[in-house]
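J.: I have a structure here, written as structure tokens, and I will follow up with some questions on it.
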Amino acid sequence: MSGKDQRLEEKPSLVPPVVAGLISLIVPGLGHMLARNFRKGLVLLLVFLSAAGLWIWRVNDAARREIGFVAMFKKAIQLQPIILVILIVIVVLYLLIAYDAYKSAATAKPNSFLMWVLVLTSFFILGWQIGEIRPAVLVRDGAKSLPLLMRVLWPWEKALYYPEELLVGSADVVIPCTENAEVPPRVVEEGDPYVTVTPACGDLSQIAGAEGTKLKMVGGNFAPNDETEIWWVDQVRNEFRYRYGGEYVKVVTDENGAFELDVVIPYRVIPTTGDKGYALWQVEARQVASVGKPVLSEELKLSVEKMIETIFLGMMSTFFGVILSIPVSFIASRNLMSANWFTKTIYMVVRTILNIIRSIESLVWAVIAIIAVGLGPFAGILALTVHSIAALGKLYSEAIESIDPGPVEAIQATGANWLQTVWYAVIPQIVPPFVSFTIYRWDINVRMSTVIGMVGGGGIGYLLIQWIRLLDYRSAGIAIWFIAITVAILDFVSSEIRNRFA
Amino acid sequence: MLEVRNLTKIYDDGTVALRNVSFIVPDGEFLVVIGLSGSGKSTLLRCINRLIDPTEGQILWDGVDITSLKGDDLRNLRRKIGMVFQQFNLVKRSTVLTNVMAGRLGYSPTWRSITNRFDDADRERAQTALKRMGITDQANKRADELSGGQQQRVGIARALMQEPKLILADEPVASLDPVLAHSILQHLESLNKEDGITIICSLHYLDLVQRYGTSVIGLRDGRVVYEGNKKQILRMTDAEFKTIYGEEAERMGGISGELLEEEAVPDGEEVTE
């Protein structure tokens with residue numbers, strides 16, 4: 001510190017303090033530069049220019065329909081008052097930079113704390129505005145998403161499926177009552193639901209007029225204590241549900257699965273009589289009854305299948321990644337490749353390629369792989385393998401670089417050759433980190449393969465994104481639960497294994 | 001007989017570790033190399049088994065210049081030279097037995113050794129070496145489970161497996177407490193006296209040097225600044241001490257030369273300085 005002070009004393013400001021301040025008002029930061037504080041001045045100039053530039057962009061963004069900056073500015077602060085706050089902060093910062101330039105020229109070590117706080121403040125407010133952060137919206141509308149959230153959090157209603165059967169009993173009704181009407185014989189098996197009506201014929205209701213014939217409907221062999229709907233089927237096989245007084249009519253069966261109900265033949269526009277002079281209708285009692293024991297739902301089964309696919313997807317890509325990255329890691333290790341310029345060049349090239357591959361996200365690799373081999377788990381495996389090679393290649397080579405050279409030296413000193421030295425001194429040292437990195441990578445790959453699925457790389461992610469798009473949040477919830485459980489188990493297992501090998 | 005002639009080592013970064021070092025080690029000697037850290041002791045020892053290639057000069061071992069050996073010749077040289085290290089340099093995760101067997105690698109075919117198949121004679125040798133070092137019980141433990149003194153004995157057992165004619169010991173007791181230091185040096189001394197193995201050992205403490213060395217060379221900044229035999233070590237004067245360790249060095253431990261000068265030298269020989 002004293003050395004720095006000394007240097008400042010030796011080289012005083014090029015300009016008087018007031019001039020430094022005034023110059024700073026023209027170009028923020030220039031005052032500091034003239035006060036022999038070049039780096040600080042440059043930083044402040046860049047800070048000020050970027051803050052001002054970002055602010056102008058946000059004004060344009062907020063009021064893009066207005067013409068002319070003044071109109072835009074007015075509209076922007078009207079829509080988003082925070083833009084005015086940012087302007088005030090930037091102006092205060094501008095003045096503070098000038099004041100700081102004055103102080104810098106006047107004293108060796110000005111206290112610039114407030115100015116730097118303001119620099120950070122201006123950028124955080126800008127960030128708040130750019131990020132469209134609106135806590136009020138979260139508070140106001142967040143509650144609306146709660147039912148959806150609950151379905152995701154507790155989706156198990158959909159885990160079981162109750163097989164259902166439609167129980168139908170029907171009886172023929174001849175309209176109007178006709179002698180010798182041809183009613184096809186009806187065979188009801190013993191124990192099957194049945195319906196009878198008396199009389200089995202009658203007249204339709206008239207629109208805003210007389211009610212049709214009242215029929216006494218008796219049913220039996222239905223599921224007990226269950227809601228039953230009444231439907232009509234007219235002569236052209238049109239089905240419509242029976243209403244009386246505007247309401248759908250329902251009847252609940254007794255404990256024996258029987259019911260009794262009076263029904264009135266409804267109104268119908270279609271001509272009732274054909275060439276035979278009468279129409280044959282049916283009146284039906286319909287019941288949706290659950291039969292048998294509940295079974296696991298299709299969604300659950302599909303989730304399990306796809307979860308297994310995902311785990312194996314992660315496993316296979318880790319396997320290929322490990323196999324391919326081990327040789328790569330040896331030629332990417334500085335300590336093994338520093339023998340001459342040729343090996344050093346290989347080391348540099350391999351390292352660079354690994355860095356480039358690693359910097360491309362596996363999601364992007366998945367999209368590329370899908371173009372190459374089409375949708376499905378193989379594309380996911382390819383994508384994760386490529387990324388694993390790069391990531392593991394780097395981790396492995398760092399493990400090789402950090403081995404203790406002592407044992408290597410000691411084994412060499414016994415007269416061992418290269419292969420013996422690697423086998424006895426290098427391999428035992430790199431096994432623990434290799435195992436640990438491999439397990440860690442498997443962990444990452446399973447996690448990633450859930451995401452890879454979302455772009456079509458196979459696995460449970462594909463199901464998940466489909467269900468979310470279908471707004472089937474319960475099924476999505478099941479998938480999310482499986483992912484969470486698997487990841488948690490994997491986390492535990494991998495940390496256990498890594499601890500054991502440490 | 002080992003003869004070092006005008007040995008110079010300059011590292012790639014320009015550091016001069018050894019400058020024109022010459023000395024002779026007759027067979028059966030316990031030569032102690034003393035000097036400050038960075039004086040070139042480790043470099044000197046590693047030049048002898050060619051873990052480091054010297055820049056200039058020759059090392060003649062029984063008349064053969066070993067500085068130009070390559071490939072199999074170099075490995076055949078190395079297997080006759082055991083080495084013991086300050087940090088023991090055991091493979092920590094391997095068992096004691098595996099570490100000891102590693103001393104036999106120079107004699108074993110590659111394929112057999114990496115599949116861990118050593119012949120019965122080698123296993124016999126390993127048992128003998130372990131027994132001699134008193135660590136038979138520890139054979140199946142992992143090397144890093146052992147205490148420092150035990151690890152160093154494994155290191156010596158490994159060197160012993162090579163059936164060496166020469167053992168290089170690079171500050172073998174610098175990481176051990178004084179009691180263990182004596183125990184380890186006694187093991188080396190017994191190899192020297194009973195088996196006739198030449199020992200070149202770098203040490204820090206003068207009392208150990210006086211107790212175990214049969215001759216001494218002192219290095220400073222890569223130069224030999226002191227040579228002495230057993231009697232001369234015992235009579236090392238403060239002036240000699242300071243040529244090795246520098247003017248500001250304070251003598252600790254060991255017998256001072258001036259104090260001895262009045263007394264009779266143990267076997268009554270004339271001391272030449």
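The values are calculated or read from the model by the stated rules, or taken from the named source; none is laboratory data. Everything quoted here is computed from the prediction, not taken from an experiment. So basically every Cβ, Gly included, is an ideal-geometry build from the backbone, and we count neighbours across all protein chains shown. Just the protein is used for accessible areas: all its heavy atoms, side chains included, with ligands, DNA and RNA removed. Shrake-Rupley method; radii C 1.70, N 1.55, O 1.52, S 1.80 Å.
J.: Please verify whether B:Leu191 is away from chain A (no Cβ under 14 Å) and either of a type in the set (A, V, I, L, M, F, W, C) or closer than 20 Å to B:Gly218 by Cβ (or both), treating the condition exactly as stated.
T.: So B:Leu191 passes the test.
J.: Further question: Check every one of the helices (runs of 4 or more DSSP H) wholly within segment B:67-175 and list those with 3 or more residues that are surrounded by fewer than 23 Cβ atoms within 10 Å (Cβ to Cβ) and within 23 Å of the chain's Cα centre (by Cα).
T.: B:71-78, B:120-133, B:148-161
J.: State whether the residues of segment A:343-363 include one that is open to solvent by 80 Å² or more (accessible area, probe 1.4 Å) and closer than 15 Å to A:Gly457 by Cα.
T.: Yes, some residue in segment A:343-363 is open to solvent by 80 Å² or more (accessible area, probe 1.4 Å) and closer than 15 Å to A:Gly457 by Cα.
J.: So, in segment A:417-443, exactly how many residues are of a type outside the set (Ser, Thr, Tyr), under 21 Å from B:Ala143 (Cα atoms) and out of contact with any Pro (no Cβ under 6 Å at 6 or more places or on another chain)?
T.: Selection size over segment A:417-443: 13.
J.: Considering only residues that are within 14 Å of chain A (Cβ to nearest Cβ) and in contact with a helix residue (DSSP H, G or I) (Cβ under 9 Å, 6 or more places away or on another chain), which ones fall in segment B:165-188?
T.: Of everything in segment B:165-188, those that are within 14 Å of chain A (Cβ to nearest Cβ) and in contact with a helix residue (DSSP H, G or I) (Cβ under 9 Å, 6 or more places away or on another chain) turn out to be B:Leu166, B:Ile167, B:Leu168, B:Ala169, B:Asp170, B:Glu171, B:Pro172, B:Ala174, B:Ser175.
Listed here are the residues, each with its yes/no results for (1) aliphatic (A, V, I, L, M); (2) buried (at least 16 other Cβ atoms within 10 Å of the Cβ).
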{"position": "A:Asp203", "(1), (2)": "no, no"}
{"position": "A:Gly220", "(1), (2)": "no, yes"}
{"position": "A:Ala223", "(1), (2)": "yes, yes"}
{"position": "A:Phe240", "(1), (2)": "no, no"}
{"position": "A:Gly245", "(1), (2)": "no, no"}
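J.: Going through segment B:211-233 one residue at a time, which ones are open to solvent by 10 Å² or more (accessible area, probe 1.4 Å), part of a helix (DSSP H, G or I) and under 20 Å from B:Gly196 (Cα atoms)?
T.: Correct list: B:Arg211, B:Lys230.
J.: Would you be able to tell me the number of residues in segment A:42-64 that are of a type in the set (Gly, Ala, Ser) and free of Cβ contacts under 8 Å to residues at least 24 places away in the same chain?
T.: 4
J.: So, one more: Would you tally the residues in segment A:137-173 being touching a residue at least 12 places away in the same chain (Cβ under 8 Å), assigned to a helix (DSSP H, G or I) and not hydrophobic (A, V, I, L, M, F, W, C)?
T.: Qualifying residue count for the region: 3.
J.: Return the only residue of B:Asp72, B:Asp62 being more than 14 Å from chain A (Cβ to nearest Cβ) and over 18 Å from B:Tyr11 (Cα atoms).
T.: Criteria check complete, one pass: B:Asp62.
J.: Could you tell me which residue of segment A:58-77 is modelled with the lowest pLDDT, considering only residues that are open to solvent by 90 Å² or more (accessible area, probe 1.4 Å) and out of contact with any helix residue (DSSP H, G or I) (no Cβ under 9 Å at 6 or more places or on another chain)?
T.: A:Ile67
J.: Which residues, taken from segment B:222-260, are in contact with a helix residue (DSSP H, G or I) (Cβ under 6 Å, 6 or more places away or on another chain) and at pLDDT 85 or above?
T.: Within segment B:222-260, B:Val225, B:Tyr226 meet the criteria.
J.: Another question about this same structure. Can you tell me which residue among A:Glu255, A:Glu211, A:Glu260 is out of contact with any helix residue (DSSP H, G or I) (no Cβ under 6 Å at 6 or more places or on another chain) and in a strand (DSSP E or B)?
T.: Selected residue: A:Glu260, the only one of A:Glu255, A:Glu211, A:Glu260 that is out of contact with any helix residue (DSSP H, G or I) (no Cβ under 6 Å at 6 or more places or on another chain) and in a strand (DSSP E or B).
J.: Any residue that is in a loop (DSSP other than H, G, I, E, B), in contact with an Asp or Glu (Cβ under 9 Å, 6 or more places away or on another chain) and within 9 Å of another protein chain (Cβ to nearest Cβ) - is there at least one of those in segment B:43-56?
T.: yes
J.: Still on this structure: Take the conditions surrounded by 15 or more Cβ atoms within 10 Å (Cβ to Cβ), at pLDDT below 90 and small (Gly, Ala, Ser) and apply them to B:Gly268. Does it pass?
T.: Spelling it out, it is not the case that B:Gly268 is surrounded by 15 or more Cβ atoms within 10 Å (Cβ to Cβ), at pLDDT below 90 and small (Gly, Ala, Ser).
J.: Go through (1) within 14 Å of another protein chain (Cβ to nearest Cβ); (2) under 22 Å from the mean Cα position of the chain (by Cα) for A:Phe378 and report which single condition fails.
T.: If we test A:Phe378 against (1) within 14 Å of another protein chain (Cβ to nearest Cβ); (2) under 22 Å from the mean Cα position of the chain (by Cα), just (1) comes out false.
J.: Still on this structure, I have one more. Considering only residues that are open to solvent by 40 Å² or more (accessible area, probe 1.4 Å) and more than 7 Å from chain B (Cβ to nearest Cβ), which ones fall in segment A:389-425?
T.: A:Lys394, A:Leu395, A:Glu398, A:Glu401, A:Ser402, A:Asp404, A:Pro405, A:Trp418
J.: Which of (1) in a helix (DSSP H, G or I); (2) open to solvent by 20 Å² or more (accessible area, probe 1.4 Å) does A:Ala383 not meet, given it meets every other one?
T.: Every condition holds for A:Ala383 apart from (2).
J.: Go through A:Leu471, A:Leu464 for me and flag whichever is of a type outside the set (D, E, K, R) and assigned to a helix (DSSP H, G or I).
T.: After applying the criteria, what remains is A:Leu464.
J.: Of the conditions (1) open to solvent by 60 Å² or more (accessible area, probe 1.4 Å); (2) in contact (Cβ under 8 Å) with a residue 12 or more places away in the chain; (3) over 28 Å from A:Gly406 (Cα atoms), B:Gly246 satisfies every one except a single condition; which number is it?
T.: It is condition (1) that B:Gly246 fails.
J.: Report the residue count in segment B:3-16 for those that are open to solvent by 10 Å² or more (accessible area, probe 1.4 Å) and part of a strand (DSSP E or B).
T.: 7
J.: Here is a further query. Looking at (1) assigned to a loop (DSSP other than H, G, I, E, B); (2) buried (at least 19 other Cβ atoms within 10 Å of the Cβ), can you tell me which one A:Leu375 breaks?
T.: (2)
J.: Could you give every pair whose Cβ atoms fall below 6 Å, whose first residue belongs to segment A:248-263 and is among the polar types (S, T, N, Q), and whose second residue is open to solvent by less than 20 Å² (accessible area, probe 1.4 Å), counting only separations of at least 6 or pairs across chains?
T.: Filtered contacts from segment A:248-263: A:Thr253/A:Phe222; A:Thr253/A:Thr228; A:Thr253/A:Phe259.
J.: Could you tell me whether any residue of segment A:95-112 is open to solvent by 90 Å² or more (accessible area, probe 1.4 Å), over 30 Å from A:Glu305 (Cβ atoms) and among the hydroxyl-bearing types (Ser, Thr, Tyr)?
T.: Yes, some residue in segment A:95-112 is open to solvent by 90 Å² or more (accessible area, probe 1.4 Å), over 30 Å from A:Glu305 (Cβ atoms) and among the hydroxyl-bearing types (Ser, Thr, Tyr).
J.: Look through B:Asn20, B:Asn89 and report the one residue that is away from chain A (no Cβ under 14 Å), within 26 Å of B:His204 (Cα to Cα) and touching a residue at least 40 places away in the same chain (Cβ under 8 Å).
T.: From the options B:Asn20, B:Asn89, the qualifying one is B:Asn20.
One line per residue, one yes/no per condition, for (1) at pLDDT 90 or above; (2) polar (S, T, N, Q):
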| site | (1), (2) |
| --- | --- |
| B:Phe88 | yes, no |
| B:Val100 | yes, no |
| B:Trp111 | no, no |
| B:Asn116 | no, yes |
| B:Ala126 | yes, no |
| B:Ala129 | yes, no |
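J.: Output the residues belonging to segment B:176-194 that are assigned to a helix (DSSP H, G or I) and either among the acidic types (Asp, Glu) or within 25 Å of B:Gly38 (Cα to Cα) (or both).
T.: Within segment B:176-194, B:Pro178, B:Leu180, B:Ala181, B:His182, B:Ile184, B:Leu185, B:Leu188, B:Glu189, B:Glu194 qualify.
J.: Restrict the check to segment A:426-437 and report whether at least one residue is open to solvent by 10 Å² or more (accessible area, probe 1.4 Å), β-branched (Val, Ile, Thr), free of Cβ contacts under 8 Å to residues at least 12 places away in the same chain and within 14 Å of chain B (Cβ to nearest Cβ).
T.: Scanning segment A:426-437 turns up at least one residue that is open to solvent by 10 Å² or more (accessible area, probe 1.4 Å), β-branched (Val, Ile, Thr), free of Cβ contacts under 8 Å to residues at least 12 places away in the same chain and within 14 Å of chain B (Cβ to nearest Cβ).
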